[in-house]
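One structure is given here, and the rest of the page talks about it.
The values are calculated or read from the model by the stated rules, or taken from the named source; none is laboratory data. This one's a predicted model, so the numbers in the text were calculated from it and none came from an experiment. Cβ sites come from the backbone with ideal geometry, for glycine too, and all protein chains shown count toward neighbours. Surface accessibility is based on the protein's heavy atoms, side chains included, excluding ligands, DNA and RNA. Shrake-Rupley method; radii C 1.70, N 1.55, O 1.52, S 1.80 Å.
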Amino acid sequence: MEVLGYYNYWVFAVLLMIGFYAVIARSNLIKKLLGLAIFQSAVFLMYITMNKVEGGTAPIIQKGVVDQIFSNPLPQVLILTAIVVGVSTTALGLAIVVRIKETYGSIEEHEIFEADLPK
Amino acid sequence: MNFSEHLPALQVVVPLLSAPLIVLLRSNGLAWAAATATSLMAFAIAVAITLGVLDGQTFPYSMGGWPAPYGIALGVDSFSAILLLIVSGASSFALLGGRPSLNSQIEAHRQPLFYAAWMLALAGLSGIVVTADAFNIFVFMEISSLASYVLIAGGPDRRALPSVFKYLVMGTIGATFYLIGIGLVYMMTGTLNLADMEVRIQGVADQSPILVAAGFITIGLALKAAVFPLHAWLPNAYTYAPHMVTVFLAACATKVSLYVLLRFDFFVFQQNLAGHAFQFATFLMPLAVLAVVVASAYALFERNLKRLLAFSSVAQIGYILLGASLVSTAGLTASGLHVFNHALAKGTLFLAVACLAMRFSSLHLQDLSGAAKSMPLTMAAFCIAGLSLIGVPGTAGFISKWYLIGAALNEGALGIGLAVIIVLSSLMAVVYIWRVVEAAYFHTPNTSAVNIKEAPRELLIITLLAALANIYFGVNSAVPVALASDAANLLMGHLQ
């Protein structure tokens, strides 16, 4: 069951590629940003997956309980930071799209490109 | 407790804390003064650190007193000292002289926010350099990137917006690739501390995830560093950014990513992966050569002065990478030197561009006809920096080109080919700088350009000072050479 056992990693890879494809193939700037968000979320999933230890619980030390298996909390902390970074990137990206819409009147990449061509 | 111990932490904390304070300042003049003072303080810290490094100190620092590898460790060596000098130096020069240019380009009510973003960019870039923790690098990289997107989009030119969107998308993809790489390494080694990583990778049985991680990290950082052919975001972002932002970012932003790339490849991966040195060199050397040749060719035909210099920046990144891809002490010395000298030359060139932009409405070469008649001092500074970019003896650029050709010639037949390419591309630099000089000195001024005066005094003084620095470090290159060769020995020292 090698392939199924890596279920989460397959989802990670597929999500990553879906996001990447949207960034490259879509000319609508909002869709590009959505793709970028999916792309980043895929990586969050990878981090969350790798901290899981089979049979492990939350790493809280309790009185009288010994030999407890803990999941690794560090990747979750890391990814919390990365989620914040991802949210602020998306927010900034959307803010830029708003300003592009205000100045160019469009959020389609080719229309923006054509608007700046010398007439 | 010795004060100098805290210098690496202060390098980041000072600009980071000043950012929210600057937001609170309502007056634009005060905001500018606070940002400039902070930047100068950061420069003073960088100088103090450099002096310490030259004395052999390494400034190890454990954040919050938690010992590495559990806590976040900071540390500075001669390689980071070069980067700290150019980051804080470029920021200080741009802020000190840049007030007139910024006032003309940034809307008055947004200026305090703009300076706050500038401080965040400074803190992020310094943070990447001082930290010894892989994830910390990611966080600082995103702080500096998000801040620089804001800075680039701050100008009056609407074309900055699509350019910055492109930069944001490509920059985020680069950072996410880096994050994937770090995740894979963490999965296999269980550590984020670079020094600890280097040791623990040796004990990893299955090397393939590490190899994949090396690929992700190299590509991700190459995107951030605008290594050819991943440079697509750079020319437009630099062209349409406010002029002072271009001075700051062109001097240091891409080089900081390149610094992380070299740190990873030489400290962590090189000696641990079978044949990595060979893969690194064969992968990056063709890209470096292409960058040097193709980007210089683009610059030859570019009509907009700022875009011309931006393409030249892509070519110069190629030189830095070329030195590193030789994987030799001489090559890395040349790279380290070129990081420093190119920052000097390109910073000065963009300062001169900012001076021209104060008086000319367009930066197309035909609109700059006869600029030297009305702005002789600005154009003199431009010429000195241009000569430095080309690598004429007596200027800083000559020193690094000299070392680079020397390093290439050590490599036998391949090296002769590389040396020919370096000389050829320097000749291309002669041509594209000459096109500017020809327009400014030998064409008759446009009728609209008759009443043009020199640039505002403070901007002009800073530009001339920067130009003099190009000459000073061309004649008296002891300090950068000492730092660069020490850095090269450090990097090579990790390969057994």
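Per residue of the stretch B:228-235, what does 6.51 cos²θ - 1.76 cosθ + 1.60 with θ = phi - 60° give for ³J(HN,Hα)? Whole Hz please, x for Gly and Pro, Karplus curve as stated.
Those phi angles translate into 4, x, 9, 9, 3, 6, 5, x Hz.
Over the whole of A:17-28, what's the average partner chain Cβ count within 10 Å per residue? Rounded to a whole number, please.
Mean shielding by partner chains, rounded to a whole number: 1.
In Å and on Cα atoms, what radius of gyration and Dmax does the protein assembly as shown show?
Final numbers for Rg and Dmax: 24.0, 91 Å.
Non-local amide H neighbours of A:F70 (under 5 Å, H modeled in plane, Pro and chain starts lacking H): which ones?
A:T57
With a 1.4 Å probe, how much accessible area is buried between chains A and B, both sides summed, in Å² to the nearest hundred?
Numbers: alone 8870 and 18190 Å², together 24230 Å².
Protein heavy atoms only, the A-B interface buries about 2800 Å².
At each listed q (0.13 Å⁻¹), what is the log10 of I(q)/I(0) that the Debye formula gives for chain A modelled as equal alpha-carbon point scatterers?
-0.68
Taking beta carbons within 10 Å but only from partner chains, what does the mean come to for residues B:180-189?
Averaged over the peptide's residues, the number is 4.
Quote the convex hull volume per residue of the stretch B:26-146, based on C-alpha atoms, as a whole number of Å³.
Dividing the Cα hull volume of the stretch B:26-146 by its residue count gives 108 Å³.
How large are Rg and Dmax for the stretch B:148-251 when only the alpha carbon atoms are used, in Å?
Here Rg and the maximum Cα pair distance are 17.2, 55 Å.
Shielding of B:159-172 by partners, i.e. mean partner chain Cβ atoms within 10 Å per residue?
Shielding by partners across B:159-172 averages 6.
If you average 1/r over all unlike Cα pairs in the stretch B:283-496 and invert the result, what Kirkwood radius do you get in angstrom?
Numbers: mean 1/r = 0.0569 Å⁻¹.
After inverting the mean inverse Cα-Cα distance, the result is 17.6 Å.
List, in order, the whole-Hz ³J(HN,Hα) value for each residue of the stretch B:261-268 obtained from phi through the Karplus relation with A = 6.51, B = -1.76, C = 1.60 and θ = phi - 60°; use x for Gly and Pro.
Per residue, the Karplus-derived 3J(HN,Hα) values read 4, 5, 4, 5, 5, 8, 7, 9 Hz.
For chain B, list log₁₀ I(q)/I(0) at each q in 0.06 Å⁻¹, using the Debye formula over Cα point scatterers of equal strength and ignoring solvent, two decimals each.
-0.24
Between B:V420 and B:H443, what FRET efficiency comes out of the Förster formula 1/(1 + (r/R0)^6) with R0 = 51 Å and r the beta carbon distance, rounded to 0.05?
About 0.95, to the nearest 0.05.
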